[in-house]
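Asks: Once you've had a glance at the structure underneath, I'll fire off some questions.
The values are calculated or read from the model by the stated rules, or taken from the named source; none is laboratory data. A quick note: this is a predicted structure, and the numbers were derived from the prediction, not measured. For neighbour counting, all protein chains shown are included, and Cβ atoms are generated from backbone atoms with ideal geometry for every residue, glycine included. Surface accessibility is based on the protein's heavy atoms, side chains included, excluding ligands, DNA and RNA. Shrake-Rupley method; radii C 1.70, N 1.55, O 1.52, S 1.80 Å.
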Amino acid sequence: MKVGIMSFAHMHAYSYAKCLQQLPGVELIGIFDEDMDRGKEASSQFNTKYFSEMDLFLLEEMDAVIICSENNRHKEMVLKAAYAKKQILCEKPLATNLQDAKEMIAVCKENGVILQTAFPVRFSKGIQDLKALIDSGDVGEIVAMRTTNRGQNPGGWFIDKEQSGGGAVLDHTVHIIDIMRWYLGKEIKEIFATVDCLFGLENIDDAGLITIEFEDGTIASHDTSWSRTSTYPSWGDATIEVIGTKRTVRVDAFGDMLKVYNDNSEQKFSYVFAGKDIDLGLIEDFVSAVKDGKAPSISGYDGLKAMEAALAAYKSSEIGKPVTL
């Protein structure tokens, strides 16, 4: 199976490329990036061909593409890849507005290609174990959920609203909304949120507190931010606490850490992540869907609904009232 990567603007591209190279029978056949320096450096690092023009890249013989551009470039790249009959894994958020996301989904359907949204948190072992507990009935009826996704400010184009579509609330909320929808199998009825810039000097949100009501009456809260410092022992967290009628279970997707003490190092104490490689789980899942010609486990519609909730949070904060979806 031959796969190409479109843009290395998003840091996940480097991880996804490493994952592709770990899979037997999968070849990273090329990288397209309009940033020539970045594209050439990435192609050299991963020992593959560099393309400076998107149309020439899409003429190459390949089965699928992974899109890791700036958020506002997702639509253009997805549409061109779909017309070229390439199967598609697109970085989250799927787009920066609902109209673009809907068009992307429609064009992929018309051209018979997969559109999978990149939500790697679904592949955390703890997240998957909790899903199994819920499905087995061991948690009972879900009454409420408390969630967080607090990380470091990525800087660069992420803090340029024209390119990103939004700050921490859009960047982080989509991951957790996807998990909550997956756990419940229900859609969101109402969103109420407070969004602000509390930790940086940029004119873009880096903190938000969101309350959510699902169509079945389940309530949830989400604390999202770019509040973690560069010295924080891990990138951040992605936690979910599910309160059920039988038990309450809490999971942190990035919580599997080892404490390492080393007298032979300037850094005497450090944390080392020891959990499952969630990016590898995502890429394995996408490759399997393409090879088997089946629908992806995480669809474009999943990406749309997660994005819809984040955009509703912005609107709610702006008008100071709940927003009905």
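Asks: Which of the listed residues, I240, I210, S221, is farthest toward the dipole's positive end in the range 192-272, when Lys, Arg count +1 and Asp, Glu count -1 at the beta-carbon?
Replies: Among I240, I210, S221, the one farthest towards the positive end of the dipole of the range 192-272 is I240.
Asks: Between their Cα atoms, which of K85/K305; K125/K321; K294/K315; K125/K246; K18/K80 are more than 29 Å away from each other?
Replies: Flagged as over cut-off: K125/K321; K294/K315.
Asks: Can you tell me the 0 to 90 degree angle between the C-alpha axis of helix 168-184 and the longest principal axis of the chain, rounded to 10?
Replies: Result, in degrees: 70.
Asks: Calculate I(q)/I(0) for the chain by the Debye formula, one identical point scatterer on each C-alpha and no solvent, and give its log10 at q = 0.06, 0.09, 0.10, 0.16 Å⁻¹ to two decimals.
Replies: Each listed q corresponds, in turn, to -0.21, -0.47, -0.59, -1.45.
Asks: Sticking with this structure for a sec: Given the protein chains as shown and a 1.4 Å probe, how many square angstrom of E190 are accessible, to the nearest 10?
Replies: Counting only protein heavy atoms, E190 exposes about 60 Å² to solvent.
Asks: Among the DSSP beta bridges whose two residues both lie in the chain, what percent are antiparallel, rounded to the nearest 5?
Replies: Antiparallel bridges: around 55 percent, rounded to the nearest 5.
Asks: Same structure again: Compute the distance in nm between two label points, each set 7 Å from the Cα along the Cα-to-Cβ direction, one at E187 and one at E61.
Replies: Reported label-point gap for E187 and E61 is 4.4 nm.
Asks: If you average 1/r over all unlike Cα pairs in the range 71-193 and invert the result, what Kirkwood radius do you get in angstrom?
Replies: 16.4
Asks: Leaving out ligands, DNA and RNA, and with a 1.4 Å probe, what % of the accessible surface on the range 160-211 is carbon or sulfur?
Replies: Carbon and sulfur together cover 51 percent of it.
Asks: Expressed as a whole percentage, what fraction of the accessible surface of the range 234-325 belongs to carbon and sulfur atoms when a 1.4 Å probe is rolled over the protein heavy atoms?
Replies: 48
Asks: Lys/Arg Cβ at +1, Asp/Glu Cβ at -1, dipole of the range 91-175 taken about the Cα centre: which of T117, I134, I105 is farthest positive-ward?
Replies: Towards the positive end, the residue furthest out is I134.
Asks: Do any trypsin sites (Lys or Arg not before Pro) in the range 1-56 lie in a DSSP loop with no more than 16 other beta carbon atoms within 10 Å, and if so, which?
Replies: When the trypsin sites (Lys or Arg not before Pro) of the range 1-56 are filtered for loop state and at most 16 Cβ neighbours within 10 Å, nothing remains.
Asks: Taking the dipole about the Cα centre of the chain, with the C-beta of Lys and Arg at +1 and of Asp and Glu at -1, give me whichever of A84, N262, I66 is farthest to the positive side.
Replies: Value computed over the given set: N262.
Asks: Return the whole-Å distance between the Cα centroid of the range 71-132 and the Cα centroid of the range 22-36.
Replies: Taking the Cα centre of the range 22-36 as reference, the centre of the range 71-132 is 18 Å away.
Asks: Given 4 °C and 1.567 mPa s, compute D for the range 233-325 with the Stokes-Einstein relation, Rh being the Kirkwood radius over Cα pairs; round to the nearest whole µm²/s.
Replies: 73
Asks: Here is a further query. Would you mind working out the magnitude of the charge dipole of the chain relative to its Cα centre, with +1 at each Lys and Arg C-beta and -1 at each Asp and Glu C-beta, to the nearest 20 Debye?
Replies: About 620 debye.
Asks: Give me the distance in nm between label points sitting 7 Å out from Cα along the Cα-to-Cβ direction at D256 and N203, one decimal.
Replies: Rounded to a tenth, the inter-label distance reads 4.4 nm.
Asks: Follow-up question, since we're still on this one. Label E215 and S52 with points 7 Å out from Cα along Cα→Cβ: what is the distance between them in nm?
Replies: 5.0
Asks: Size of the dipole of the range 84-180 about the Cα centre, Lys and Arg at +1 and Asp and Glu at -1 on the beta carbon, nothing else charged, in debye to 20?
Replies: Dipole of the range 84-180, to the nearest 20 debye: 180 debye.
Asks: Here's another thing I want to ask about it. Per residue, how many Å² of accessible area does the chain show with a 1.4 Å probe?
Replies: Result: 45 Å² of accessible area for each residue.
Asks: Something else about it: Computed over the Cα atoms of the range 165-216, what is the convex hull's projected area averaged over all directions, in nm²?
Replies: 3.8
Asks: Return a whole-number percent for the relative contact order of the chain, with Cα pairs under 8 Å and 6 or more residues apart as the contact set.
Replies: That works out to 20 percent.
Asks: Could you rank W226, W235 by how accessible they are, 1.4 Å probe, largest area first?
Replies: The ranking, largest first, comes out as W235, W226.
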